[in-house]
Structures are given as C-alpha cells and as structure tokens.
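Quick notes on the structure that follows.
The values are calculated or read from the model by the stated rules, or taken from the named source; none is laboratory data. From a predicted model like this one, the values you see are computed outputs, not experimental measurements. Cβ placement follows ideal geometry from the backbone for every residue including glycine, while neighbour counts extend to all protein chains displayed. The accessibility values were calculated without ligands, DNA or RNA, using every heavy atom of the protein model including side chains. Shrake-Rupley method; radii C 1.70, N 1.55, O 1.52, S 1.80 Å.
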Amino acid sequence: MTDSSQVTGDLLSEYQTTQLRTVYLGQQDTREKYVLFLADAIDPVTRAESYINDSSFLSELRQVVGDVHSVHCLSQNDVVFIGSKGVLAAGDRCRKHEEILVRFLVLQARENFVNALFTRIKVLNSDLGHIRDLISHVEEHPNREFAIRDMLASTANQISLLVELQDYLRESLLGFRIPPLPTELSGRKM
C-alpha cells in the first residue's frame with residue numbers, strides 16, 4: 001500500500017509543502033495520520049465486549065486502527081471500531097452513514113494537526129530562548145552577531161507561517177458542518 005504522503009505530495013503546491021515541512025520539522029512524510037476503513041462485513045460477527053476480550057483479534061485490530069478506544073455494535077451485522085490511528089466500520093449500514101464517519105475522520109485529522117502545531121510552537125519557543133541567550137552574550141562573542149540575525153530572520157518567517165496556518169485552521173472550522181442526525185437507530189448510535 002502506498003502511503004498517503006506519497007499520493008498527496010504531487011497535489012500540494014510548493015508553499016503548502018513548505019508549510020508542512022515547517023510544522024513537522026522536515027518529517028512531514030511520516031506525520032501521524034487518521035484513517036477510515038469501510039468494510040462490507042466482519043467475521044466473526046459478535047458483541048462489542050467479545051472483540052475487546054479476544055486478545056488475538058484485538059492485536060490484529062491494533063495493526064489497523066492503533067489502540068482501540070471503543071467498539072460500537074450498531075446492529076446485528078454492523079460494528080464500528082474507533083482507535084488512536086483510525087476507524088474501521090464494517091457492515092452495510094455503515095456505508096449509509098459514511099458522511100458521519102468522514103466528518104469524524106476530518107475532526108480527528110485536525111486534532112492531529114493541532115497537536116503537531118502545538119508541539120512546533122513549543123520547539124519555536126525553545127529556539128527563541130536559545131536566541132535570547134546568544135543575544136545576552138553577544139558582547140563576549142561578537143562574531144556570532146550575523147548568525148543571531150540569521151536565526152532571528154528564520155524564526156520570524158516561521159512565526160509568520162505558523163500564525164497563517166492557525167488562521168487557515170480557524171477558517172476551516174468555521175466552514176465545518178455537522179450532518180443531521182440520522183433517522184434510523186444504527187445511524188443515531190454512530
């Protein structure tokens with residue numbers, strides 16, 4: 001299977017690639033992703049507790065969705081597994097409610113991005129502390145003045161880019177729409 005970073009790489013502009021590189025400190029291809037798997041059925045079909053209590057099934061499930069947070073039996077043949085890295089929804093009725101699943105996926109992906117942005121801001125704060133220390137000792141090492149200016153310019157560019165990304169994130173949340181509550185029971189459970 002091809003990683004989604006490789007697939008989307010050709011779709012991003014150079015500026016968007018720079019934004020990702022900045023947030024993920026050059027590790028954008030290995031960033032945390034949240035995935036959705038839709039399956040027509042699951043075998044065996046059983047109660048939610050049975051999936052959690054079966055260590056071999058749970059081990060296989062972890063490979064797909066990460067640590068399992070919850071299991072929801074929507075009907076006799078439909079089940080949703082929510083994990084730390086994704087969702088597995090199995091059964092015909094799950095496809096009917098794909099929009100709800102995709103909205104959930106979008107929110108989880110945004111949460112991952114917000115966490116990465118927060119981590120990047122903490123790194124930037126540390127970098128600024130280092131620059132402050134260099135500035136306070138510049139008289140002892142006057143030849144560092146140009147390096148300090150370069151660091152300040154680079155940091156200023158990163159701050160500008162991160163503020164811009166926060167604005168984009170805010171805009172995207174303003175346009176986020178929660179779908180109406182489904183009428184059938186399996187959809188409402190989801």
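For this structure, a couple of remarks:
- Here F176 meets each of (1) assigned to a loop (DSSP other than H, G, I, E, B); (2) touching a His at 6+ places or on another chain (Cβ under 7 Å) with one exception, condition (2).
- Scanning the stretch 40-54 for residues that are of a type in the set (G, A, S) and at pLDDT 85 or above gives a single hit, A41.
- For S70: the one exception among (1) of a type in the set (G, A, S); (2) loosely packed, with under 13 Cβ neighbours inside 10 Å; (3) within 30 Å of L12 (Cβ to Cβ): (3)
- Filtered by the rule that a residue be part of a loop (DSSP other than H, G, I, E, B) and either surrounded by 15 or more Cβ atoms within 10 Å (Cβ to Cβ) or of a type outside the set (S, T, Y) (or both), the stretch 10-35 gives D10, L11, L12, Y24, L25, G26, Q27, R31, E32, K33, Y34.
- Qualifying residue in the stretch 132-143 (condition: open to solvent by less than 50 Å² (accessible area, probe 1.4 Å), within 22 Å of the chain's Cα centre (by Cα) and either among the hydrophobic types (A, V, I, L, M, F, W, C) or over 26 Å from R31 (Cβ atoms) (or both)): no
- Count of the stretch 140-161 residues which are farther than 26 Å from R120 by Cβ and of a type in the set (S, T, N, Q): 1
- Among all positions in the stretch 46-64, there is no residue which is of a type outside the set (D, E), open to solvent by 70 Å² or more (accessible area, probe 1.4 Å) and within 24 Å of R177 (Cβ to Cβ).
- Residues in the stretch 74-99 that are free of Cβ contacts under 8 Å to residues at least 60 places away in the same chain and open to solvent by 10 Å² or more (accessible area, probe 1.4 Å): Q76, N77, I82, S84, K85, L88, D92, R95.
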